[in-house]
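Here the structure is laid out as structure tokens; the discussion comes afterwards.
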Amino acid sequence: MEKILEVNHLSVEFKTTLGTASAVRDLSFSVNRGEIVGIVGESGSGKSVTSLAVMGLLDERTARIPEGEIIFEGKDLLKLSEKELCKIRGSEITMVFQEPAMALNPVVKVEKQLVEIYKIHDPSKVKNCHAELVSLLEKLRIPDAQQVLKKYPFELSGGMKQRIMIAMAMLGKPQLLIADEPTTALDVTTQAEILDLIKLMQKETGCAVILITHDLGVIAEMADKVLVMYRGQLVEERKIEGFYQEARHPYSKDLLGARPEKFDGRFWSIPGTIPNAYTPLVGCGYCTRCREALPECSSKTPHLTAFDDGSQVRCHRCCQKGVENE
Amino acid sequence: MSNKNSLIEIDHLKKYYSVSNGFFTSKGRALKAVDDVSLAVERKHSLGIVGESGCGKSTMGKTILRLIEPSGGRVVFDGEELFNVEENHFMDQKKLQALRKRMAMVFQDPYSSLNPHMTIGDAVKAGVLRHKIVPKEEAPDYCIEMLCACGLEKEAYASYPNEFSGGQRQRAVIARALALKPEFVVCDEPTAALDVSIQSQVLNMMLDMQEQMNLTYLFISHNLQVTRAFCDEIAVMYLGKIVEKGKADEIYYHSVHPYTKALLASLPISEPGQKKQERKIINSIPSMMDVPKGCRFHTRCPYATQKCRTEEPKLKEASPGHLAACHQI
């Protein structure tokens with residue numbers, strides 16, 4: 001399989017008045033063409049920062065990328081100029097955000113916002129793109145597409161707005177779509193529809209998708225591969241088959257167990273909370289909350305260890321059997 | 001409806017808002033946020049209210065506690081009538097305030113329900129002093145005890161909300177509500193803003209407190225899986241009306257109303273490869289401003305017949321204790 005995106009040893013830090021916060025630490029993963037990769041983890045585990053880094057949308061005043069490379073179709077995105085990045089953003093790589101109400105401009109009509117994509121990436125089509133837009137919205141099951149185009153975002157429901165965001169992402173005919181919690185703000189019924197649409201879009205354009213969510217149910221439904229992140233590190237990378245039956249990292253197991261459908265008189269919970277990003281990482285990041293921690297976990301840093309089935313796990317306990325990777 | 005064992009009884013509760021049609025017309029249309037809802041919650045039980053956003057769940061919770069003035073119906077709390085709009089009977093303010101300490105509310109967003117200028121301790125203490133739960137000298141110790149019972153550290157007493165994470169704030173909000181030793185707690189999406197792992201911690205704590213303090217919960221949520229696990233009974237709400245209610249497992253596993261079925265079919269699968277039920281729901285939720293005639297779900301229902309378009313179904317028994325409002329039953 002051809003790799004479309006390869007992230008190598010990426011680290012992201014934020015310099016604030018409180019000190020240096022490490023949001024992403026030495027993260028490596030790859031995305032194959034046409035693959036759906038799910039990233040899960042609690043808030044504060046670095047999922048969104050990773051996606052923003054790939055898009056080149058981190059605030060340069062505070063964020064720093066001390067090391068790493070992001071290779072997209074042979075080019076290192078971190079080395080490109082802003083102008084070159086602009087050509088890729090919105091056409092080859094597009095993004096759907098969590099809060100469609102915040103991502104759309106409230107004072108510009110939907111049609112104008114959609115046409116903007118053409119203006120930037122395909123100016124020749126601007127004049128006669130109306131019919132194309134209507135058919136695209138109809139494909140995304142938006143009733144009354146003609147009317148919707150004339151509306152302002154605030155006149156639309158949350159699900160409709162998210163559909164407009166997906167339409168915007170589709171217009172660029174991307175190679176890679178990043179969906180950052182695309183359904184978190186929506187009702188279950190709308191969530192199911194939006195997920196269907198993302199699948200539809202993926203089938204139609206053959207694009208790869210990075211799906212960021214904290215809902216393992218969504219991952220189960222959509223993804224081919226899952227990356228579990230904790231404190232900015234990759235703790236488990238796994239093909240979707242097998243992950244739900246026998247996750248290896250204790251954090252993955254805890255996340256799976258904490259789903260409400262696993263309730264049996266008591267909710268399975270993870271003790272404590274995720275430490276903030278200013279706390280230095282010593283030993284295993286998860287050892288303070290881990291039920292299976294060994295004495296060495298608090299001092300010795302675990303490395304990612306590869307398993308026969310292509311998965312990688314960062315844990316002292318379950319990697320005793322595995323083969324050292326580094 | 002009346003049951004000796006129920007702590008709170010809600011009879012034909014209505015809350016209408018009038019929405020003006022324009023600047024020059026004085027006449028408005030009614031937005032029926034809660035339309036003729038009857039429920040009863042048994043002592044030490046939890047009743048879950050589920051539905052999509054905008055179906056009137058939160059408005060109902062607030063109206064029951066009279067945080068919003070009702071437009072119709074009657075609510076009886078432990079034998080005392082809080083209000084009866086039809087007979088124009090409203091409990092007088094003094095009595096109501098005394099009763100307030102027995103009914104508490106936990107709001108969804110722990111970021112906006114705590115005053116950022118007040119320490120957590122002061123926030124909890126305010127209610128304790130107002131209702132004279134313990135003598136003034138003992139109040140700080142009592143508050144600390146309460147915070148600890150809800151899983152916070154002693155130091156939380158002197159901290160400000162901004163020092164806390166979402167989960168800790170929600171614990172503080174719950175501690176504040178429970179410090180009044182209430183019997184009835186309305187929880188409006190208490191865990192919607194939290195991560196799954198933290199959600200589990202908070203829900204476990206709420207279950208423990210229910211056991212210790214003999215609490216009765218009205219649990220408002222859009223998450224059917226959480227509600228099924230947490231509650232004894234579930235009522236499903238659609239556009240201001242209850243469309244199905246019954247024991248939690250009965251609703252979860254043997255739902256009869258097409259809307260409940262659609263909600264359940266929309267849930268993500270729990271393991272890959274599982275077959276997802278076919279979702280038969282159409283379109284999105286209509287506006288509260290023009291609720292469809294007849295059965296209000298017929299515009300989205302795959303089984304709708306002519307009867308559904310004209311005649312509004314009443315709640316009827318599908319099996320003992322399991323009610324649903326659908327003509328197909």
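Sorting A:ILE70, A:ILE178 from the fewest to the most surrounding beta carbons within 10 angstrom yields A:ILE70, A:ILE178.
For a paramagnetic label modelled on A:THR16 (point 7 Å from Cα along Cα→Cβ), amide N atoms under 19 Å away belong, within the stretch A:206-234, to A:230-233.
Taking 31 Å as the limit for the C-alpha separation, the pairs A:LYS109/A:LYS173; A:LYS173/B:LYS293; B:LYS62/B:LYS181 exceed it in the case of A:LYS173/B:LYS293.
For the stretch A:189-296, the alpha-carbon radius of gyration amounts to 1.24 times the rule-of-thumb value 2.2 N^0.38 Å expected for a compact globular protein.
Relative to the longest principal axis of the Cα atoms of chain A, the long axis of helix A:158-171 lies at roughly 80 degrees. Orientation-averaged projection of the stretch B:54-211 equals 10.2 nm² [convex hull of Cα atoms, one quarter of hull surface area]. Evaluating 6.51 cos²θ - 1.76 cosθ + 1.60 at θ = phi - 60° for every residue in the stretch A:52-68, the Karplus couplings come out as 5, 5, 4, 6, x, 10, 6, 6, 5, 5, 10, 8, 9, 10, x, 8, x Hz, glycine and proline recorded as x. P(r) for chain A, from all Cα pairs and a bin width of 10 Å, is 5, 25, 32, 24, 10, 3, 0 %, short bins first.
Amide hydrogen proximity for B:ILE68: with H placed 1.01 Å from N in the peptide plane, the residues at 5 or more positions away or on another chain lying under 5 Å are B:THR63. The calculated Kirkwood hydrodynamic radius for the protein assembly as shown is 27.0 Å, given to one decimal from all distinct C-alpha pairs. By DSSP, the beta bridges lying fully in the stretch A:1-138 are antiparallel in about 95 percent of cases. Using the Cβ-Cβ distance between B:HIS117 and B:GLN306 with R0 set to 51 Å, the FRET efficiency from 1/(1 + (r/R0)^6) comes to roughly 0.30.
Ranking B:PRO161, B:CYS301, A:LEU27 by Cα position along the charge dipole of the protein assembly as shown, where only Lys, Arg, Asp and Glu carry charges on their C-beta atoms, puts B:CYS301 farthest toward the positive end. Set against the 2.2 N^0.38 Å expectation for a compact globular protein, the stretch A:214-268 has a Cα radius of gyration ratio of 1.11.
Could you state the angle between the C-alpha long axis of helix A:110-121 and the longest principal axis of the C-alpha atoms of chain A, as a value from 0 to 90 degrees rounded to the nearest 10? Orientation of helix A:110-121: about 80 degrees from the principal axis.
By the compact-protein rule of thumb, 2.2 N^0.38 Å, the alpha-carbon radius of gyration of the stretch B:278-326 corresponds to a ratio of 1.24.
Summarising the amide proton neighbourhood of B:VAL34: residues at separation of 5 or more, or on other chains, whose placed amide H is nearer than 5 Å comprise B:LYS15. Taking label positions 7 Å along the Cα-Cβ direction at both B:LYS181 and B:ARG130, the computed distance is 1.9 nm, reported to one decimal.
Averaged over the residues of peptide A:189-201, the number of Cβ atoms from other protein chains lying within 10 Å of each residue's Cβ is 3. Here the calculated FRET efficiency for B:GLU86 and A:SER28, from their Cβ-Cβ distance with R0 = 45 Å, stands at 0.10, rounded to the nearest 0.05. Cα axis of helix A:188-205 to longest principal axis of chain A: angle in degrees, 0 to 90, nearest 10? Here the helix axis deviates by roughly 80 degrees.
Counts of other chain beta carbons within 10 angstrom of each beta carbon in peptide A:255-264 average 6. Near B:LYS261, which aspartates and glutamates are there with a Cα under 16 Å away, not counting those fewer than 8 places off in the same chain? In chain and number order, the partners are A:ASP187, A:GLU193, B:GLU52, B:GLU244, B:ASP249, B:GLU250, B:GLU278. The residues neighbouring A:ARG25, those whose beta-carbon lies less than 14 Å from its own, together hold a net charge of +1 under the Lys/Arg +1, Asp/Glu -1 convention.
Largest first, the extents of the alpha carbon coordinates of the stretch A:154-197 on the three principal axes equal 29, 21, 16 Å. Footprinting exposure proxy ranking of A:VAL108, B:VAL106, fewest other C-beta atoms within 10 angstrom first, gives A:VAL108, B:VAL106. Extension gain for B:LEU96-B:ASN204 works out to 35.8 nm (0.36 nm per residue, less the C-alpha to C-alpha distance). Label positions at A:GLU292 and B:GLU138, each projected 7 Å from the Cα along the C-beta direction, are separated by 4.8 nm. Modelled this way, with points 7 Å down the Cα-to-C-beta line, the labels at B:SER20 and A:ILE65 are 5.4 nm from one another.
Cross-link pairs exceeding 30 Å between alpha carbons, from the set B:LYS14/B:LYS245; A:LYS253/B:LYS125; A:LYS262/B:LYS101; A:LYS87/A:LYS139: A:LYS253/B:LYS125; A:LYS262/B:LYS101. Extents of chain B, taken as max minus min of Cα coordinates on every principal axis and listed largest first, are 68, 56, 47 Å. With R₀ set to 45 Å, the beta-carbon distance separating A:LYS300 from A:GLU99 gives a calculated FRET efficiency near 0.65. Taking 0.36 nm per residue of sequence separation and removing the Cα-Cα distance, the A:THR184/A:GLU155 pair yields an extension gain of 8.4 nm. 3J(HN,Hα) along the stretch B:242-259, derived from phi through the Karplus expression 6.51 cos²θ - 1.76 cosθ + 1.60 where θ = phi - 60°, amounts to 7, 9, 7, 8, x, 4, 4, 5, 4, 5, 6, 9, 10, 5, 10, 6, x, 5 Hz, with x in place of Gly and Pro. Cβ crowding within 10 Å ranks B:PHE297, B:PHE107 as B:PHE107, B:PHE297, fewest other Cβ atoms first. Across the stretch B:188-205, computed HN-Hα scalar couplings (Karplus, 6.51 cos²θ - 1.76 cosθ + 1.60, θ = phi - 60°) run 9, 6, x, 10, 5, 8, 10, 5, 3, 5, 6, 4, 4, 4, 5, 5, 4, 4 Hz from first to last residue, x flagging Gly and Pro.
At a Cβ-Cβ separation cutoff of 4.7 angstrom, cysteine residues of chain B with no neighbouring cysteine are B:CYS55, B:CYS143, B:CYS148, B:CYS150, B:CYS187, B:CYS231, B:CYS301, B:CYS326.
Taken together, the values in this text are just the output of simple stated rules run on the coordinates, not laboratory data. This is a predicted model, so every value here is computed, not measured. Positions of Cβ are backbone-derived with ideal geometry, glycine not excepted, and every protein chain shown enters the neighbour counts.
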